[in-house]
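What follows is a short report on a single structure.
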Amino acid sequence: MRARLIIRGLVQGVGFRPFVHRLATQHRFTGFVRNDPHGVCIEVQGESIDAFVAALSKQPPPLSRIDHIELTSIPDAQEAGFAITDSQLDGQNQTFVGADIAPCQDCLTEIFSPSERRHLYPFTNCTHCGPRYTITSSLPYDRLRTTLRDFPLCRLCSVEYHDPADRRFHAQPIACPDCGPQLDQPLSDVAKQLLDGQVVALKGLGGYHLVCDATQPAVVRRLRDRKQRDAKPLAVLTLNVASARLFAHVSDIAAQLLQDPQRPIVLLPTLCPTKQRLTLAPAVAIDLSTVGVLLPMSPLHELLCFYLLGCPTDPSWRLRAQPLALLLTSGNLHDEPTITDDEEAQHKLRTVADVIVSHSRPIAARCDDSVVKIVAHQPLWLRRARGLTLEPIDLPVELPPLLGIGGDLKSTLCLSRGKQAFVSPHIGDLGSPAMASAFRETLAHMQTLLGCQPEAVIADRHPDFVCRRLVADLNLPLWEVSHHHAHALAVLAEHGGRQTALALVLDGFGLSDDGTAWGGELLLLTHETYRRVGHLRPLPQPGGERAAREPWRLATALLGLLGQPQRAEQRFGSRWPVSSLLPLLRRPQLSPLSSACGRYFQTAAALLQLREVEHYEGEAAMVLESQVRQPRMLTDGWTIAKSPKTGCLELDLTPLWLALLDCDAREGAELFHGTLAAALAALAASALREHQLSELVLTGGCVANSVLTGALTDALGAEQISVLLPRRMPPGDGALSLGQVFAFATRLAR
């Protein structure tokens with residue numbers, strides 16, 4: 001008996017063909033396995049094929065994911081045994097490539113064993129770990145379509161590659177010191193330069209990083225000055241969880257995330273200074289109560305730690321707490337993407353780094369670090385990049401190839417293929433020509449890997465978004481989806497959709513259908529449409545977009561609105577032109593209203609004199625959150641009434657705003673968070689009762705605030721209301737592209 005199996009899912013670049021070979025050999029089958037445009041094609045001949053198929057599903061390689069198995073009976077053939085054969089290239093690509101994965105324990109054991117031929121080799125990998133997405137130029141996934149194609153295997157690597165019993169059997173990125181990529185200078189020298197206080201530009205998996213000693217204040221400040229990154233927090237690389245606990249609180253969930261093979265940056269609460277056994281430079285995370293921490297994501301970074309610690313010989317050195325903290329940030333210039341090209345690095349990073357360290361393995365695709373935060377006792381991804389690409393989201397209906405282009409901040413792209421949507425790695429903010437080029441490069445690479453050309457573009461309604469101009473030359477039909485509708489739909493997409501849902505979208509800014517600025521919205525979603533049923537009371541933004549960068553303007557406008565202009569003069573008049581700003585409130589075209597929740601956080605931070613000007617998006621809210629030890633609610637701190645202008649429920653925090661005027665920073669921050677959470681819970685609960693629903697979709701960039709979201713979900717839970725949070729996608733604008741595509745999918749499904 002002979003059968004052909006077509007396996008679809010994440011089955012290329014994850015050791016699936018070697019796994020099939022071993023399984024077929026155990027069953028004494030003849031036949032073959034190969035990669036093809038659909039995924040993996042298997043032909044097996046022998047007895048107990050049903051048992052073989054069952055074993056495929058129950059025991060696949062740990063990095064793989066089987067979405068579908070198609071089985072057909074075919075005529076018998078004459079073969080000597082079972083083989084892995086060359087990939088088939090005919091047909092439209094229907095598979096995808098795996099993500100870059102941190103080194104497995106077996107490879108690490110080899111690297112640090114003097115008797116092994118890969119001893120101290122920084123490009124060691126096997127079928128269970130190593131680079132995938134960032135080295136793959138096209139599919140099917142074979143060495144000749146990766147950036148390792150110009151590194152012919154030596155005799156010993158070739159033996160491993162062709163040995164079914166070896167864990168490097170058909171491992172496409174296989175390499176060793178004799179035939180693989182090389183660094184352009186010894187890591188021992190790099191470690192010495194870092195210890196001497198130099199800034200190093202180090203080529204990694206998906207681009208260059210800028211690296212320095214995170215415990216040396218002058219060095220960290222010098223890096224900030226050179227990169228023109230005044231205040232935005234920087235990440236810290238350390239050896240292991242025990243080392244992270246020298247300066248941060250690491251919960252059980254956080255420990256799992258740190259050690260996950262995806263190796264994200266995990267935002268951790270910093271220990272109070274008296275409990276720290278390793279002190280980070282203050283400029284690593286200015287005025288914040290958290291620090292981004294990650295563990296080594298490649299053998300190169302593991303070895304850098306080894307040399308920095310003086311080449312320890314104790315076998316348990318990797319398990320023990322080590323006084324090691326390296327600042328790690330993207331290797332780029334201000335407002336530009338991470339650099340991947342060696343010549344460009346030599347040209348541009350000379351102004352930032354003292355030393356540039358490269359290697360000879362080219363990077364096929366730029367990929368930044370992923371970032372995750374624990375919110376409401378679960379991981380919440382703030383940035384999807386290395387380790388997470390390209391994971392598909394299932395759609396309710398088969399779509400033509402569509403392209404969702406997201407927004408201008410935290411830009412991502414989404415391509416649909418069949419009944420799946422693929423979201424790109426995080427691209428960044430589209431504020432420069434270099435970022436526009438990165439946008440186009442990401443799109444081209446996705447199209448190549450997924451084998452599809454979009455037939456239509458789906459965009460945000462904002463007519464001036466840069467991303468719309470970047471796809472104009474595609475000359476494709478363009479559909480629009482409202483900003484906050486897309487936010488809500490992105491959450492529904494990853495949760496399987498709903499017939500009807502109520503969504504609370506807490507965001508910084510989004511253009512509504514009527515041209516006004518929204519961002520604190522309660523939306524009733526029915527089929528492919530939505531209706532606004534509630535919102536935060538709109539606040540004036542004197543100076544328009546400038547007010548979003550200068551929170552003192554928002555606070556001054558609020559005080560003018562509340563009849564307290566003298567308070568504005570007292571708080572801000574010595575530093576800012578308060579007297580000339582207040583008259584703008586009488587001119588709506590110069591002080592447009594916004595219901596954005598993000599503006600509320602900025603206003604509170606300015607009122608409490610924590611941040612009057614922002615150096616980066618979200619700074620005021622993050623500093624405000626860092627003040628909170630325990631949120632507290634102001635009794636009668638809000639009112640909810642039908643707005644005469646919109647006909648919607650309107651949440652008014654006037655009592656809270658007045659109370660904040662007499663609070664210090666910590667007291668005010670705690671009162672603001674606790675009262676806002678309780679007020680939003682009351683607003684949502686009222687609308688849920690009215691529409692006979694018991695589930696709330698909660699999303700938007702403000703959901704990244706763990707104090708607000710934790711208090712809000714607790715309050716809703718006490719009312720027996722379940723909350724759908726984004727779990728695979730970010731809550732912010734990084735999910736817009738998926739929501740845009742899902743909007744079209746729901747429209748077709750109806």
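The values are calculated or read from the model by the stated rules, or taken from the named source; none is laboratory data. Note that the structure is a prediction, hence the values are computed from the model and not measured. Here the Cβ positions follow ideal geometry from the backbone for every residue, glycine too, while neighbour counts run over all protein chains shown.
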The residue from His484, His426 that alone is within 23 Å of Arg531 (Cα to Cα), at pLDDT 95 or above and not aliphatic (A, V, I, L, M) is His484
Considering region 449-466, residues that are aliphatic (A, V, I, L, M) and surrounded by fewer than 23 Cβ atoms within 10 Å (Cβ to Cβ), and then whichever is farthest from Cys414 (Cα to Cα), we arrive at Val466
Any residue at all in region 156-175 that's over 29 Å from the mean Cα position of the chain (by Cα) and within 20 Å of Thr340 (Cβ to Cβ)? yes
(message) It is to be established whether one or more residues within region 366-382 are in contact with a helix residue (DSSP H, G or I) (Cβ under 6 Å, 6 or more places away or on another chain) and within 30 Å of Asp189 (Cβ to Cβ).
(response) yes
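For region 247-261, which positions are in contact with a helix residue (DSSP H, G or I) (Cβ under 7 Å, 6 or more places away or on another chain) and surrounded by fewer than 16 Cβ atoms within 10 Å (Cβ to Cβ)?
Result: Gln259, single match.
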Scanning region 554-576 residue by residue, those under 39 Å from the mean Cα position of the chain (by Cα), not charged (D, E, K, R) and not in a helix (DSSP H, G or I) turn out to be Trp576
Of the residues in region 225-245, those that are in a strand (DSSP E or B) and touching a Gly at 6+ places or on another chain (Cβ under 9 Å) number 2
Checked Leu139, Leu153 against criteria (under 27 Å from the mean Cα position of the chain (by Cα), assigned to a loop (DSSP other than H, G, I, E, B) and either of a type in the set (S, T, N, Q) or crowded, with 19+ Cβ neighbours inside 10 Å (or both)); the one match is Leu139
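Step by step: first the residues of region 635-691, then only those that are polar (S, T, N, Q) and surrounded by fewer than 22 Cβ atoms within 10 Å (Cβ to Cβ), then the one that is nearest to the chain's Cα centre (by Cα). Which residue is that?
Taking the candidates together, the pick is Ser686.
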Restricting region 251-275 to residues that are free of Cβ contacts under 8 Å to residues at least 24 places away in the same chain and either of a type in the set (S, T, N, Q) or in a loop (DSSP other than H, G, I, E, B) (or both), the one nearest to Glu619 (Cα to Cα) turns out to be Thr270
Across (1) over 15 Å from Leu294 (Cβ atoms); (2) in a strand (DSSP E or B), Gln198 clears everything bar (2)
Only one of Pro323, Pro392 is surrounded by fewer than 22 Cβ atoms within 10 Å (Cβ to Cβ), of a type outside the set (Lys, Arg) and at pLDDT below 95, namely Pro392
Residues in region 3-61 that are under 22 Å from Gly98 (Cα atoms) and not in a helix (DSSP H, G or I) total 24
